[in-house]
1. Residues of segment 50-63 being of a type in the set (A, V, I, L, M) and assigned to a loop (DSSP other than H, G, I, E, B), which ones?
2. If Gly89 passes every condition in (1) touching a residue at least 60 places away in the same chain (Cβ under 8 Å); (2) under 18 Å from Met1 (Cα atoms) but one, which one does it miss?
3. Restricting attention to segment 84-121, and to residues there that are part of a helix (DSSP H, G or I) and at pLDDT 90 or above, which single residue is most open to solvent (accessible area, probe 1.4 Å)?
4. Which members of segment 4-49 meet the condition of being within 21 Å of Pro64 (Cβ to Cβ), assigned to a loop (DSSP other than H, G, I, E, B) and not hydrophobic (A, V, I, L, M, F, W, C)?
5. Pick from segment 3-22 the residues that are open to solvent by 50 Å² or more (accessible area, probe 1.4 Å) and in contact (Cβ under 8 Å) with a residue 60 or more places away in the chain: which of them is nearest to the chain's Cα centre (by Cα)?
6. Which residue pairs have Cβ atoms under 7 Å apart, sit 6 or more places apart or on different chains, and have a first residue in segment 23-38 that is acidic (Asp, Glu) and a second that is surrounded by 10 or more Cβ atoms within 10 Å (Cβ to Cβ) and not in a loop (DSSP other than H, G, I, E, B)?
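The values are calculated or read from the model by the stated rules, or taken from the named source; none is laboratory data. Small disclaimer: the values here were computed from a predicted structure and weren't measured. Every residue, glycine as well, gets a Cβ built from its backbone with ideal geometry; the counts of neighbours run over all protein chains shown. Remember, those area values only see protein heavy atoms, side chains included, never the ligands or the DNA or RNA. Shrake-Rupley method; radii C 1.70, N 1.55, O 1.52, S 1.80 Å.
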Amino acid sequence: MITPDNVRGEHTTLEESVVNNGWPTLAEARGKVVFLMDQRPVGPVYLEGHPSLRGRVIFTNAQPGEPDCGFIEENDGTPEVISALVQKGYLIRTRTTRRPWSHAPTKLPSATPRWPAALKS
């Protein structure tokens, strides 16, 4: 499992670590799981008593500049915005469709505007 403590290492904050060192490489991460908190409003409650996610298992969905920022949900970002965040070291989760909960989408993912943008990023 990849935890915030693993990624932060000796840095003071998780964000400082990902901006300076990035995330573990694919070779280092192979066979491991990472847990990401999708719901941004729940993050502050999960952080209570655990600054920069010390001792926690889940990475919060934070904003750049916040000490717990290592993972960002960017559903509507342009390829340029997403690429810039990746270049800074953040792990980004985006979507290719607007209806992820639908079991019967009205369009194939490749026919939605988000599909090429997500691939380009």
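1. Within segment 50-63, Val57, Ala62 qualify.
2. Exception for Gly89: condition (2).
3. Taking segment 84-121 as the starting set, the residues that turn out to be part of a helix (DSSP H, G or I) are 84-88, 109-111, 114-120.
If we keep only those that are at pLDDT 90 or above too, we end up with 84-88.
Values: Ala84: 48, Leu85: 20, Val86: 66, Gln87: 156, Lys88: 113 Å².
Step by step, filter segment 84-121, then rank; the result is Gln87.
4. Within segment 4-49, Gly9, His11, Thr12, Thr13, Gly22, Pro24, Asp38, Gln39 qualify.
5. Initially, segment 3-22 is screened for residues open to solvent by 50 Å² or more (accessible area, probe 1.4 Å), giving 5-6, 10, 12, 16, 19-21.
Of the ones still in play, those that are also in contact (Cβ under 8 Å) with a residue 60 or more places away in the chain are 19-21.
On the way: Val19: 13, Asn20: 16, Asn21: 15 Å.
So, considering only residues that are open to solvent by 50 Å² or more (accessible area, probe 1.4 Å) and in contact (Cβ under 8 Å) with a residue 60 or more places away in the chain, the one nearest to the chain's Cα centre (by Cα) is Val19.
6. Asp38/Asn61; Asp38/Glu73
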